[in-house]
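Everything below concerns the one structure shown next.
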């Protein structure tokens, strides 16, 4: 069974786990990509909790983040996300937030940050045996992981507020157990998300059909790398 382990996606797609919190719409130039699959998963049940760790560079501090399923209805789960914003990442919060959310992150920070400046928000997610998709405010899937994706398979979508385009492409698919996960090795699919941005180079989303999202790498143009893993 697939399990949703996507703090990753919030601490790096939102700081980083975030398209995600925004109102992104599928790029109309191509057929909308959607996924199906089984959603009656143990990790989708209300009350399920997850913890992820994001490492800042090679020698920097790490951040623990928490997620909880607070609603499961019509195959969609609502995740409450809580992520501490520590001094070491203050300079990266706005670039990441703007990359994913556009100007709304700067205009309405209260939607995403609590009174202490920490990330605190909710997102709707379709998590299934086939992959993971964030649900936009209009109810459409924004697919960020597809477990059966082939190398070079690609798709895209736009932020409906800013018209920023996000391109996703499958860059790697294991043929053997070659990815270190906890105490063993597993097969993975790696999907790169890119967009024209002055500070962020790309975000790499890593998934496994059994364990769900197992890692996310956020790569900044200044050489800084955020590595998020699920344990």
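Taken together, the values in this text are just the output of simple stated rules run on the coordinates, not laboratory data. Note that the structure is a prediction, hence the values are computed from the model and not measured. Virtual Cβ from ideal backbone geometry, glycine too; neighbours counted across all protein chains shown.
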request  = Could you work out how far apart the two model spin labels at residue 148 and residue 106 are, taking each label as a point 7 Å from the Cα in the direction of the beta carbon, and quote it in nm?
outcome  = 4.3 nm
request  = Whole Å is fine, so just give me how far the alpha carbon centre of the stretch 36-115 lies from that of the stretch 155-223.
outcome  = 16 Å
ask   = Based on the Cβ-Cβ distance from residue 68 to residue 210, what FRET efficiency comes out when R0 is 30 Å, to the nearest 0.05?
value = 0.85
request  = Please arrange 178, 59, 66 by counting, for each residue, the other beta carbons lying within 10 Å of its beta carbon, fewest first.
outcome  = 59, 178, 66
request  = Within 10 Å of each residue's Cβ, count the other Cβ atoms and sort 41, 96 from fewest upward.
outcome  = 41, 96
